[in-house]
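Take a look at the structure below.
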Protein chains: 2
Amino acid sequence: MSVRREAILEVLTSGPGHLSAQEIHRAAQERLPRIGIATVYRALKFLCACGKAAEFIPADGVARYEPAGSRAHHDHLICNSCGSFIEAVEPEIEKLQIRLAARHGFKPSSHKLEIYGICSRCSGK
Amino acid sequence: MSVRREAILEVLTSGPGHLSAQEIHRAAQERLPRIGIATVYRALKFLCACGKAAEFIPADGVARYEPAGSRAHHDHLICNSCGSFIEAVEPEIEKLQIRLAARHGFKPSSHKLEIYGICSRCSGK
DNA sequence: TGGCATATGATAACGATTATCATTATCCCA
DNA sequence: TGGGATAATGATAATCGTTATCATATGCCA
Ligand SMILES: [Mn+2]
Ligand SMILES: [Mn+2]
Ligand SMILES: [Zn+2]
Ligand SMILES: [Zn+2]
């Protein structure tokens, strides 16, 4: 773990989470002003490969990253209005997914459940 | 509906489904050799807007399209080995998703469930 | 037929990501 | 400790999917 990779992991764990590579780059530049965007992409790939970060790609096709390893799996509720990500998990859904896959002779290794809509803050309640 | 938009809709409904824009372009060129890629993108946007097609973006970030309107909602099992898309639906999951969202004060408008793994053909059974 | 809106194709532009390559930092052992 | 292998870095070019632009073509109705 080089000093930049440490810094990027620190951005992931201390920041608001669910950041894009560009956002991570901007945040990292506050500590390491000369860090390049290529280093950020390389570090993120490295951190994902060793299980310290996880990448996911929402409907706009831009990859986002969050810390992993110590954190449990979860799904995302994504607000179409403010863009915020709400983390949620429903164990029953997880179980049913496995059964659904099995019913089709499919061996699941990962899954992505994203629910798009309007968060409580944006719906003005 | 212009002749090209008809042709592209025909590609969507008659082909193997879950095609990317580039794949749709290639297929459409077999009937309309001079059709441009820009027309394909425009037609796909048009068809999605009027409910005749649906776009979804899997984990590689490349948009794929399928016919819509007459077809019911479904989720996808995506094979990491051969890239095939298996359509599946589990009504119980659909219900639980709505409850999960409600629990967070979230008003869902759409969702995407993709399960990645190995299909029965590729697992050699 | 003329006029105007829409559709089209070629191509430039764009944003995210990856590849390249020269330069630096880091590691490891004589 | 020194120096050479090795890995990491930053600048930048290249790539890929997608969108924007613009001139031309086509369709449609008065
Ligand atoms: Mn998350
Ligand atoms: Mn489908
Ligand atoms: Zn919101
Ligand atoms: Zn397969």
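Every number in this text was worked out from the coordinates using simple rules, so none of it is lab data. This one's a predicted model, so the numbers in the text were calculated from it and none came from an experiment. Counting neighbours? That spans all protein chains shown, and the Cβs are built from the backbone with ideal geometry, glycine included.
Worth a mention:
- Among A:ALA102, A:ALA43, A:ALA21, the residue with the largest mean-square fluctuation in a Gaussian network model of chain A, with springs joining Cα atoms closer than 10 Å, is A:ALA102.
- 7 Å along Cα→Cβ, label-point gaps from B:SER84 to other copies, nm, shortest first: 4.3
- Per-residue mean of C-beta atoms belonging to partner chains within 10 Å, peptide B:89-98: 4
- Cβ charges +1 (Lys, Arg) and -1 (Asp, Glu), total dipole of chain B, debye: 300 debye
- Among the residues of A:58-67, the average count of other protein chain beta-carbon atoms within 10 Å of the residue beta-carbon is 2.
- Cα gyration tensor shape for chain B, rounded if a/c is under 1.5, else prolate or oblate: oblate
- Per-copy distances of the A:GLY69 label point, shortest first, in nm (7 angstrom along Cα→Cβ): 5.1
- Shielding of B:118-124 by partner chains, average beta-carbon count, 10 Å: 3
- Among B:LYS95, B:LYS52, the ranking by other beta carbons within 10 Å of each residue's beta carbon, starting with the fewest, stands as B:LYS95, B:LYS52.
- Measure of compaction for the range A:72-125 (Cα Rg per 2.2 N^0.38 Å): 1.40
- Pairs of alpha carbons in the protein assembly as shown whose separation is greater than 27 Å (percent): 47 percent
- Lys, Arg +1 and Asp, Glu -1 on Cβ, resulting dipole of the protein assembly as shown about Cα centre, debye, nearest 20: 340 debye
- Label point 7 Å beyond Cα along the C-beta direction, distances from A:PRO33 to other copies (nm, shortest first): 6.1
- Fully extending the segment from B:ILE37 to B:ARG103 would add 19.4 nm, taking 0.36 nm per residue of separation and subtracting the current Cα-Cα distance.
- Flagged links, alpha-carbon separation over 23 Å, of A:LYS52/B:LYS95; A:LYS52/B:LYS112; A:LYS52/A:LYS95; B:LYS45/B:LYS107; B:LYS45/B:LYS112; A:LYS112/B:LYS95: A:LYS52/B:LYS95; A:LYS52/B:LYS112; A:LYS52/A:LYS95; B:LYS45/B:LYS107
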